[in-house]
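The values are calculated or read from the model by the stated rules, or taken from the named source; none is laboratory data. All of these numbers come straight from a predicted model, not from anything done at the bench. We place every Cβ from the backbone using ideal geometry, glycine too, and count neighbours over all the protein chains shown. Accessible surface areas use protein heavy atoms only, side chains included; no ligands, DNA or RNA. Shrake-Rupley method; radii C 1.70, N 1.55, O 1.52, S 1.80 Å.
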Amino acid sequence: MEFQVKSLKIREEMGDKQAVSHVLNNMADLNLKKGDMKGALEYASRSLKISEELGFPESICDAATVSKLIYQIINLAQVKMQKVIIEVIHGSG
């Protein structure tokens, strides 16, 4: 992740918004793999915003795909948690 943070800073200093979007998307993916949904969502949202500003369909698609995956994982976790709560309240058997 340290490499990506350095890369992001360099790309931002260069003003290369497409590269910034790409690095942010990679950082979102890395955070997702680490299980850091909050960090992943923050990076994915920033990437998507920049991609939409630039109007690059491929970058928009990449950022939206990562965002969608994050929301699916969060939703799945919420559904599982609701099932556990229901089992605790009503007993599991």
Past the 28 Å Cα-Cα mark, which pairs from LYS49/LYS83; LYS6/LYS68; LYS6/LYS38; LYS38/LYS80?
LYS49/LYS83
Using a 1.4 Å probe, what is the accessible area per residue for the range 22-89, in Å²?
67 Å²
Carbon and sulfur together cover what percent of the accessible area of the range 1-58 at a 1.4 Å probe radius?
53 percent
The chain - mean residue ellipticity at 222 nm from DSSP helices (-39,500 (n - 2.57) per run, n ≥ 4, rounded to 500):
-31000 deg cm²/dmol
Local electrostatic count, GLU12, Cβ distance below 15 Å [Lys/Arg +1, Asp/Glu -1]
+3
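So what's the net charge close to PHE56: Lys and Arg +1, Asp and Glu -1, counting the other residues with Cβ under 10 Å from its Cβ?
Taking every other residue near PHE56 into account, the sum is -3.
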Quick one: Debye curve from the alpha-carbon atoms of the chain only, equal weights, vacuum; give me log10 I(q)/I(0) at q = 0.25 Å⁻¹ to two decimals.
-1.17
Gain upon complete extension [THR65, ALA77; 0.36 nm per residue less C-alpha separation]
2.5 nm
